[in-house]
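Working notes, structure below.
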């Protein structure tokens, strides 16, 4: 009975969301990432790979601008939302890799795209993001940025 209930759950699911919502969330994240990085580097004077981390953050700016150019409508398709949230996971993984991996206090933010996906995307897309986050967790358990290892040692 439960299987029958969930079998058609995605069939009538409206996977579109207002472009402004996703872009606003992403712009706030970019500003927050930049502010946290600069605060940590300039005020706390931690030796972080500043230029590579700023480059990773700037990739999000490029993707946001690309999304603005690609979707003049007020609604986005499922594929665009999935791509944007998948990119966010990869971007956060790269940023966390450069700034301490899972030891970074902001590492829990890697779950934010999954939470947004669970609210606005289909189950399949959310499961793919969960797998991507789990892969990052496994990767970061074995590898750390050489810059972070040098500053810790």
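Below is a table of values for the structure above.
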item: Test: residue in region 31-51 that is more than 18 Å from residue 144 (Cβ to Cβ), surrounded by fewer than 16 Cβ atoms within 10 Å (Cβ to Cβ) and touching a residue at least 40 places away in the same chain (Cβ under 8 Å); result: no
item: So residue 118, is it in contact with a helix residue (DSSP H, G or I) (Cβ under 6 Å, 6 or more places away or on another chain), surrounded by fewer than 18 Cβ atoms within 10 Å (Cβ to Cβ) and without any contact (Cβ under 8 Å) to a residue 40 or more places away in the chain; result: yes
item: Restricting region 62-80 to residues that are in a helix (DSSP H, G or I) and at pLDDT below 80, the residue that is nearest to residue 123 (Cα to Cα); result: 78
item: Residue in region 52-61 that is nearest to residue 120 (Cα to Cα), counting only those that are surrounded by 17 or more Cβ atoms within 10 Å (Cβ to Cβ) and touching a residue at least 40 places away in the same chain (Cβ under 8 Å); result: 56
item: Hits in region 131-146 (condition: in a helix (DSSP H, G or I), in contact with a helix residue (DSSP H, G or I) (Cβ under 8 Å, 6 or more places away or on another chain) and exposed (fewer than 15 other Cβ atoms within 10 Å of the Cβ)); result: 137, 139, 141
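The values are calculated or read from the model by the stated rules, or taken from the named source; none is laboratory data. Computed from a prediction, not measured in an experiment: that's the story for all the values here. As a convention, Cβ positions derive from the backbone with ideal geometry for all residues, glycine included, and neighbour counts pool all protein chains shown.
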